[in-house]
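Read-outs: derived from the displayed coordinates by stated rules, not from any lab. Worth saying up front: this structure is predicted, and the values here are computed from it rather than measured. Positions of Cβ are generated from backbone atoms using ideal geometry, with glycine treated the same way; all protein chains shown enter the neighbour counts.
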Amino acid sequence: MSGPDGASEPSPASADSPRGAADSRSPAGESSPPGAPSPARERRVIAAQPRQVDARAQDAPGAGVSPPGAASPPPPGTASTPPAASPPGAAPRGADAALAAAPTEGWLTEAQARRLFVAASRPRPRGAVVEIGSFRARSTVVLALAAGEVVAIDPHAGSDRGPQEITADAVRGDADHEAFTANLAAAGVADRVRHVRRFSSDAHGDVPGPLSLLFVDGAHRFGPARADLVDWGARVAPGGTMLVHDSFSSIGVTLALLTTCASTGDWRYVGRSGSLAEYERRSAPRLRELARHLAELPYFARNVAIKVLIVAGRRRWAERLGLDPAAPWPY
Ligand SMILES: C[S@@+](CC[C@H](N)C(=O)[O-])C[C@H]1O[C@@H](n2cnc3c(N)ncnc32)[C@H](O)[C@@H]1O
């Protein structure tokens, strides 16, 4: 997500105040997903038109896959062990097509969408693919095209929706739900996605068994973010994957990570694309994991400083700290 910390943040990507902008920036210190080319530039697309397609994605290598809606979903029960998307080192086959099919509304950058696609494409242990925080289906479409079947948990209550959008707003939530449904249909993946319209804390009973992949992008305040990492993270099978958006950017999410993944020894930090952090569920030396998380604190401090400067009306100063002039917010 994208940043509802409960802090006074501007609204960089509200679909109700669309920017229609395609932003590019050089990501700071991020690592490429395994099997993917290192993204030289990270591009974010936030717009009101859900089918606006990024021309770069169409032209990019690896785009030679079925158009949106043409791919057949894998047979039920096989979603947890899809074939590898590409040979090692090759471009993630299908990632660009998934990006082209995904709605542009949302906070997920292109580099992050690719990382999500690669993670959801590779072989995993058996178990469900679960997304917490779907908004208008940008990440949901990417996951569905990569993994085959997705459980998307989002109350669409208009709460914890984006920066400065913490309290519930039924009109806003219903509009998101309508757009979510329409965007899934437009991308041809409606039959691959099971939407659970509940808060994540109330949705455990809706998802039986272990998880093979968990994408966390729901409420970003410390309490609910930590609950997602602890309660849902515990359900990820050994060898499974967890991806967390707004890591080392949102204060709530970062504190939640530091008090869980960084210190339990139950997760191996794989790396990040911007603020999208990836973890593998396996035991890992605690000290090493703590050190790897602490090494991200300068990036976190930079993001917090950039947000403070933006809120204070000092965008120029924020740009000097690395904010792309076209980017409304650090992700
Ligand atoms: C930033 S958006 C997610 C963006 C989305 N992943 C994308 O790629 O565009 C955050 C979403 O989390 C949802 N949300 C808020 N609190 C939640 C909770 N407790 N459980 C699940 N979803 C929640 C909001 O309704 C909102 O749609």
* Asked: Which whole-number percentage describes the relative contact order of the range 174-285, with Cα contacts under 8 Å and a sequence gap of 6 or more?
  -> 21
* Which shape class, rounded, prolate or oblate, goes with the range 103-249 when its Cα gyration tensor gives a ≥ b ≥ c as root eigenvalues, a/c under 1.5 marks rounded, and past that a/b bigger than b/c marks prolate? -> rounded
* Once every Cα of the range 162-278 carries one equal point scatterer and solvent is ignored, give the base-10 log of I(q)/I(0) from the Debye formula at q = 0.09 Å⁻¹, two decimals. => -0.27
* Counting only residues 5 or more places away or on other chains, whose amide H sits under 5 Å from the amide H of F215 once H atoms are built in the peptide plane? -> V130, E131, I132, L243
* Peptides ranked, highest mean first, by Cβ atoms within 10 Å: ranges 237-244, 164-171 -> 237-244, 164-171
* Identify the residues of the range 254-275 with backbone N under 16 Å of a label point that sits 7 angstrom from the Cα of L287 along the Cα-to-Cβ direction, or state none. => 263-265
* Asked: Quick one: net charge of A237's neighbours, Cβ under 10 Å, K/R +1, D/E -1?
  -> +4
* Interchain or long-range residues, amide H under 5 Å from G271's placed H -> E278
* Structure fact -> Quarter of the surface of the C-alpha convex hull for the range 286-331, i.e. direction-averaged projected area in nm², equals 3.3
* Structure fact -> Expected sort for R281, R316 with the fewest Cβ neighbours (10 Å cutoff) up front is R316, R281
* Asked: For the range 97-219, with only Lys/Arg (+1) and Asp/Glu (-1) charged at the beta-carbon, what is the dipole magnitude about the Cα centre, in debye rounded to 20?
  -> 540
* Rounding to the nearest 20 debye, state how big the charge dipole of the range 244-290 is about its Cα centre with +1 on each Lys and Arg Cβ and -1 on each Asp and Glu Cβ. => 160
* **P(r) tail fraction, the range 249-331 - alpha-carbon pairs more than 14 Å apart, %** => 64
* **Only Lys, Arg (+1) and Asp, Glu (-1) charged, at Cβ; the range 241-331 dipole about Cα centre in debye** => 220
* Asked: Sequence-distant or interchain residues sharing an amide H contact under 5 Å with R194, placed H: which?
  -> V150, V151, A152
* How large is ³J(HN,Hα) for each residue in the range 223-238, as worked out from phi by the Karplus curve 6.51 cos²θ - 1.76 cosθ + 1.60 (θ = phi - 60°), to whole Hz, x for Gly and Pro? -> x, x, 5, 5, 4, 4, 5, 6, 6, 7, x, 5, 8, 6, 5, x
